[in-house]
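Worksheet: the structure to be examined is printed underneath.
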Amino acid sequence: MSVITITKENFEKEVLRSDVPVLVDFWASWCGPCRMLSPIVDEVAEEITGAKVGKVNVDEQPELAARYGIMTIPTLLVFKNGEVAANSVGVKPKAAVMALLK
């Protein structure tokens, strides 16, 4: 499955009301570590089954970043049943990103 662009308009439908876990990558285009993590998140999106992967550009969606207290990017949040079930800050290897969804 490809990565979903998450906005405040589709956040509730794609993340909070999802019937599968959702990995959300909070990032920005100017962030070097975000650019390092992005291809890993893309790979996870292609390989994972039973979950969705989305990205939130914090510059374009500051309300969502503020809502979840995102102070450092990249930050990964895993939502299950509309609640944050796991989080990770900084660049992580693919295995660690996949483990967040387990």
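Quick rundown of the values:
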{"read-out": "Filter result (assigned to a helix (DSSP H, G or I) and open to solvent by 50 Å² or more (accessible area, probe 1.4 Å)) within the stretch 84-100", "value": "LYS94, ALA95, ALA99"}
{"read-out": "Residue within the stretch 3-26 that is modelled with pLDDT of 95 or more, of a type in the set (Phe, Trp, Tyr), in contact with a Cys (Cβ under 7 Å, 6 or more places away or on another chain) and not in a loop (DSSP other than H, G, I, E, B) present", "value": "no"}
{"read-out": "Residue, nearest to ILE6 (Cα to Cα), within the stretch 56-83, restricted to residues that are assigned to a strand (DSSP E or B) and open to solvent by less than 30 Å² (accessible area, probe 1.4 Å)", "value": "VAL56"}
{"read-out": "Hits in the stretch 30-55 - residues which are at pLDDT 95 or above, outside any helix (DSSP H, G or I) and open to solvent by 70 Å² or more (accessible area, probe 1.4 Å)", "value": "TRP30"}
{"read-out": "Pairs with Cβ under 8 Å, 6+ apart, first in the stretch 81-102 and more than 20 Å from MET71 (Cα to Cα), second surrounded by 12 or more Cβ atoms within 10 Å (Cβ to Cβ) and modelled with pLDDT under 95", "value": "MET98/ILE48; LEU101/ILE48"}
{"read-out": "Cross-chain or 6+ apart pairs with Cβ under 6 Å, the stretch 1-20 first and closer than 16 Å to VAL44 by Cβ and touching a residue at least 24 places away in the same chain (Cβ under 8 Å), then in a loop (DSSP other than H, G, I, E, B) and open to solvent by less than 100 Å² (accessible area, probe 1.4 Å)", "value": "VAL20/GLY50; VAL20/ALA51"}
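The values are calculated or read from the model by the stated rules, or taken from the named source; none is laboratory data. Bear in mind the structure is a predicted one, so any value in this text is a computation, not a measurement. When we count neighbours, we look across all protein chains shown, and the Cβ atoms used for this are built from the backbone with ideal geometry, even at glycine. Heavy atoms of the whole protein, side chains included, go into the accessibility calculation; ligands, DNA and RNA do not. Shrake-Rupley method; radii C 1.70, N 1.55, O 1.52, S 1.80 Å.
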